[in-house]
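Written below as structure tokens is the structure these notes are about.
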Amino acid sequence: MKVFIIEDAPQTRQELVELLATLERFEVVGQASSVREALTGIEAAAPEALTLDISLPDGSGVEVLKHIRRRGWKLSVVVLTGNLYEALQVKCQQLGAVAVLDKINGLGPVREALLAINPASETC
Amino acid sequence: MNKDAYLIQRLDRSDLYKEFKHAFRAGTGLPLTLRAVNFWDLAHRGQPYENPFCALIAQTNRGCAACLETEQRAVDAAKDRPATVRCFAGLCHTAVPIKLGDRTIGFLQTGQVALELPSPAGFEAITRQLTDWGVAVDLSRLQAAYYHSRVLSPNQYSGLIQLLEIFAQQLCLAANQMVIQDAEAEPPMIRRAKAYIAGHYGDPIGLDDIACAMHVSTYYFCKMFRKTTGLTFTDHLGRIRVEKAKNLLLNPHLRVSEIAYTVGFQSLTHFNRLFRQLTGESPTQFRDRATRRTKGTARNLSVRSLAPEGPAAGALRLAA
């Protein structure tokens with residue numbers, strides 16, 4: 001499964017790349033550290049799944065989710081945020097995110113969420 | 001100061017903790033504080049590596065209250081395992097419990113760290129919250145401090161918390177050793193009284209009798225016993241009797257009433273009430289649970305085909 005990583009913190013991005021390298025059926029096809037880079041990168045790389053940070057330097061990851069929905073792209077999105085609150089969780093789920101995770105809990109839940117994605121059931 | 005707070009104070013002054021604290025702070029750039037369960041001030045206020053952003057916020061009454069509330073939430077959530085919570089500014093705060101037996105006596109606290117890079121949107125949310133609270137603060141200084149907050153990745157932070165959890169176990173062991181040393185250092189009269197109780201718990205032991213045997217007045221004995229052990233003589237005796245009863249309850253051939261009288265209770269009602277009070281369950285419930293566990297252990301052991309020698313042998317015989 002082709003995965004695109006959207007995360008502005010270089011260390012966290014590197015950890016996500018390393019995590020995905022340990023998972024057999026996943027392949028990182030691109031990375032972005034801003035909303036703008038993400039939108040162009042997703043279109044070019046055509047991934048099947050995303051890990052999406054919410055706090056990005058030029059906007060919110062929610063904008064990326066909305067864009068994906070508007071364009072009708074079939075993607076499984078795992079949201080990973082360092083500032084999770086209930087309204088954000090609800091909003092992301094309404095926009096089709098398969099999981100909304102808190103960085104407080106480390107990257108273990110990201111691994112589980114990615115492994116739970118069924119290749120045949122993209123949600124966005 | 002209560003005994004637990006005193007123990008935490010001694011741990012705080014120990015070389016073990018001082019060396020770890022120094023290494024942790026230098027290696028991570030994060031504050032670290034060891035505190036008793038009840039506290040009235042912020043954990044890292046004025047400490048090395050305190051986040052300047054947090055220091056500025058804590059200078060205001062409302063901000064200080066918010067920080068205290070965040071620390072309280074972390075401590076409340078850290079009953080058995082470390083817990084991390086987030087403050088209104090999105091910074092993480094973690095409490096790691098220090099336990100003595102099953103009792104939490106204090107916490108290692110760290111944090112004031114972000115898991116996201118600082119952003120204009122993040123700072124805007126903070127200033128909005130401060131305005132709502134009516135807090136006046138130098139925004140340019142606050143912004144500079146915000147952008148200099150320590151940022152860690154999720155893996156880095158969870159790794160640090162794991163290290164703290166491992167060190168907390170070391171502190172628990174050190175606390176246990178201190179308690180044992182204290183017990184050995186208790187006044188000879190109390191040590192003799194405890195030995196007497198351990199040898200005669202099955203007999204009716206009166207307070208006057210034991211005070212007389214120690215050649216002191218009842219009043220002085222009570223006062224010294226309470227001061228040294230933290231328990232009244234009656235509470236201590238009750239606990240010893242219940243502990244002995246727990247051992248006897250593992251023998252299915254003994255009746256509960258028989259056990260109650262054997263360990264020195266004069267009434268079954270009193271035994272049942274005290275047993276429940278100290279263990280959270282009735283003697284019968286304790287016996288049922290212990291028997292189930294023993295049977296489970298016996299089953300596991302027989303599956304693994306262990307030789308019936310050693311500690312397992314008793315369990316197997318009991319389950320039979």
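Each reported figure results from applying straightforward, stated rules to the coordinates on display, with no laboratory input. Just so we're clear, the structure is a prediction, and the values are computed from it rather than from any experiment. FYI the Cβ positions are ideal-geometry reconstructions off the backbone, even for glycines, and counts take in every protein chain you see.
What is the calculated FRET efficiency for A:Thr22 to B:Glu69, with r their C-beta to C-beta distance and R₀ = 41 Å, to the nearest 0.05? The pair A:Thr22/B:Glu69 has a calculated efficiency of 0.55. Charged side chains reduced to their Cβ positions (Lys and Arg at +1, Asp and Glu at -1) give chain B a dipole of some 880 debye around its Cα centre.
Cα centroid separation, the range B:200-222 to the range B:6-75: 46 Å. Considering chain B as a Gaussian network with a 10 Å cut-off on Cα pairs, which listed residue, B:Tyr219, B:Tyr146, B:Tyr201, attains the greatest mean-square fluctuation? The residue with the greatest mean-square fluctuation here is B:Tyr219.
Quick check on chain B: what does the Kirkwood estimate of hydrodynamic radius come out to from the alpha carbon pairs, in Å?
Hydrodynamic radius (Kirkwood, Cα only) of chain B equals 23.8 Å.
Secondary structure note: in the protein assembly as shown, about 50% of the DSSP beta bridges are antiparallel. Taking every residue in B:143-152 and counting other chain Cβ atoms within 10 Å of its Cβ, the average works out to 1. Derived scalar couplings between HN and Hα for the range B:10-22 equal 5, 4, 4, 8, 6, 4, 3, 6, 4, 5, 5, 4, 4 Hz in order, rounded to whole Hz, by the Karplus curve 6.51 cos²θ - 1.76 cosθ + 1.60 (θ = phi - 60°), x for Gly and Pro.
Kindly provide the trypsin sites (Lys or Arg not before Pro) of the range B:1-82 that DSSP labels as loop, not H, G, I, E or B, and whose Cβ sees at most 16 other Cβ atoms within 10 Å. Could you put the intermediate results ahead of the total?
Working: sites: B:Lys3, B:Arg10, B:Arg13, B:Lys18, B:Lys21, B:Arg25, B:Arg35, B:Arg45, B:Arg62, B:Arg73, B:Lys79; in loops: B:Arg45, B:Lys79.
Here the trypsin sites (Lys or Arg not before Pro) that fit, given the DSSP loop and packing criteria, are B:Arg45, B:Lys79.
Peptide A:53-66 shows a mean partner chain C-beta count of 2 within 10 Å per residue C-beta. Per-residue Karplus couplings for the range A:85-96, computed as 6.51 cos²θ - 1.76 cosθ + 1.60 with θ equal to phi - 60°, are listed in order as 9, 4, 4, 5, 4, 4, 4, 5, 5, 5, 8, x Hz, Gly and Pro entered as x. The A:Glu37 and B:Glu165 beta-carbon pair, evaluated with R₀ = 25 Å, returns a calculated FRET efficiency of approximately 0.10.
3J(HN,Hα) along the range B:213-230, derived from phi through the Karplus expression 6.51 cos²θ - 1.76 cosθ + 1.60 where θ = phi - 60°, amounts to 5, 8, 6, 10, 6, 4, 4, 5, 4, 4, 4, 5, 5, 5, 5, 7, 9, x Hz, with x in place of Gly and Pro. Our helix-only sum for chain B, with -39,500 (n - 2.57) per DSSP H run of n ≥ 4 divided by its residues, gives a mean residue ellipticity at 222 nm of -20000 deg cm²/dmol. Using R0 = 41 Å, the C-beta based FRET efficiency linking B:Ala185 and B:Thr291 works out to 0.55. For the peptides B:179-190, B:90-101, the ranking by mean Cβ contacts within 10 Å, running from highest to lowest, is B:90-101, B:179-190. Counting Cβ atoms of other protein chains within 10 Å of each residue's Cβ and taking the mean over peptide A:100-106 gives 6. Semi-axes of the equivalent ellipsoid for the range A:2-115, computed as √(5λ) from the eigenvalues of its C-alpha gyration tensor and ordered from largest down, come to 18, 17, 14 Å. A Cβ-based charge dipole, computed about the Cα centre of the range A:70-113 with Lys and Arg at +1 and Asp and Glu at -1, lands at about 300 debye.
Distance between the modelled labels on B:Thr279 and B:Asn2, one decimal in nanometres: 2.5 nm (7 Å Cα→Cβ projection).
Residues whose amide H comes within less than 5 Å of that of A:Leu56, counting only those at least five positions distant or on another chain, are A:Gly61 (H built at 1.01 Å from N in the peptide plane).
Between amide H atoms placed 1.01 Å from N, distances below 5 Å from B:Gly111 occur with B:Thr94, all of them 5 or more places distant or on a separate chain. Percent of alpha carbon pairs in the protein assembly as shown separated by more than 33 Å? Percent of Cα pairs beyond 33 Å in the protein assembly as shown: 56. Full extension of the segment from B:Tyr220 to B:Leu173, taken as 0.36 nm per residue of separation minus the current Cα-Cα distance, would add 13.6 nm. Once you list every other residue whose beta carbon is under 14 Å from the beta carbon of B:Val85, what net charge do they have if Lys and Arg are +1 and Asp and Glu are -1? In short, +1.
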